[in-house]
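The values are calculated or read from the model by the stated rules, or taken from the named source; none is laboratory data. Quick caveat, the model's predicted, so the values are computed rather than measured. Using ideal geometry, Cβ is built from the backbone for each residue, glycine included, and neighbour counts are taken over all protein chains shown. Side chains included, ligands, DNA and RNA excluded: accessible areas come from the protein's heavy atoms. Shrake-Rupley method; radii C 1.70, N 1.55, O 1.52, S 1.80 Å.
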Amino acid sequence: PRQPAKTLWYDRPRYVFVEFCVEDSTDVKVVIEDCRLVFSCKNADGVEFYNEINLYGRVNSKDSQEKRSDRSITCFMRKWKEKVAWPRITKENIKPAWLSVDFDNWRDWEGDEEVERAMVEEYAEV
């Protein structure tokens, strides 16, 4: 039986960040397309997770990547139109039960590009 992973997202001037909260993930597959994000993996107990998000806006799939940690898999996707805020991550104006805004990382990002650049560079180094 597949189930969606708990998912957090937040918006930045150049990137949209999506975090799939699965501990000790294996068989991780992330497909970032221009208008869609597909994620799947298994956890230590063999439970299969699958999420598919039709994105609110276009992203540059070639300048997007993901990073796996013990607790989660974080995707950062380069927006096609920079500095345009996304009011939500989904194309449809619906909020699946498994999807939440990451309020710890969410903030009004006027002039926040330095912080964002540092975050992306930090992720890229791993």
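Can you name every residue in segment 39-72 that is basic (Lys, Arg) and in a strand (DSSP E or B)?
The answer is 42, 62, 67, 68.
Rundown of residues vs (1) at negative phi; (2) open to solvent by 60 Å² or more (accessible area, probe 1.4 Å); (3) modelled with pLDDT of 95 or more, yes/no style:
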residue: 37; (1), (2), (3): yes, no, yes
residue: 68; (1), (2), (3): yes, yes, yes
residue: 71; (1), (2), (3): yes, yes, yes
residue: 106; (1), (2), (3): yes, yes, no
residue: 109; (1), (2), (3): yes, no, no
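What are the residues in segment 9-18 that are crowded, with 21+ Cβ neighbours inside 10 Å and more than 16 Å from residue 52 (Cβ to Cβ), if any?
Hits for segment 9-18 are 11, 12, 15, 17.
How many residues, within segment 73-104, are touching a Phe, Trp or Tyr at 6+ places or on another chain (Cβ under 9 Å), modelled with pLDDT of 90 or more and not charged (D, E, K, R)?
Matching residues across segment 73-104 total 13.
In contact (Cβ under 8 Å) with a residue 60 or more places away in the chain and either in contact with a strand residue (DSSP E or B) (Cβ under 8 Å, 6 or more places away or on another chain) or not in a strand (DSSP E or B) (or both) - does that describe any residue in segment 19-30?
Quick first cut of segment 19-30, residues in contact (Cβ under 8 Å) with a residue 60 or more places away in the chain only: 19.
From the residues that got through so far, the ones that are either in contact with a strand residue (DSSP E or B) (Cβ under 8 Å, 6 or more places away or on another chain) or not in a strand (DSSP E or B) (or both) too are 19.
Yes: one or more hits.
With respect to residue 24, determine if the residue is surrounded by fewer than 16 Cβ atoms within 10 Å (Cβ to Cβ), over 25 Å from residue 118 (Cα atoms) and modelled with pLDDT of 95 or more.
Judged against the criteria, residue 24 is a match.
For the subset of segment 91-102 comprising residues that are part of a strand (DSSP E or B) and not hydroxyl-bearing (Ser, Thr, Tyr), which member is most open to solvent (accessible area, probe 1.4 Å)?
101
Identify, please: which residue in segment 73-90 is in a loop (DSSP other than H, G, I, E, B) and without any contact (Cβ under 8 Å) to a residue 40 or more places away in the chain and is, among those, most open to solvent (accessible area, probe 1.4 Å)? Explain how you work it out, then say what you get.
First, pick out the residues of segment 73-90 that are in a loop (DSSP other than H, G, I, E, B): 80-89.
Narrowing further to those that are without any contact (Cβ under 8 Å) to a residue 40 or more places away in the chain: 81, 84, 87-88.
Details: 81: 140, 84: 66, 87: 89, 88: 65 Å².
For segment 73-90, the residue satisfying everything is 81.
When the residues of segment 40-64 are filtered to those that are under 15 Å from residue 76 (Cα atoms) and of a type in the set (Lys, Arg), which remaining residue is surrounded by the most Cβ atoms within 10 Å (Cβ to Cβ)?
Checking each candidate, the answer is 58.
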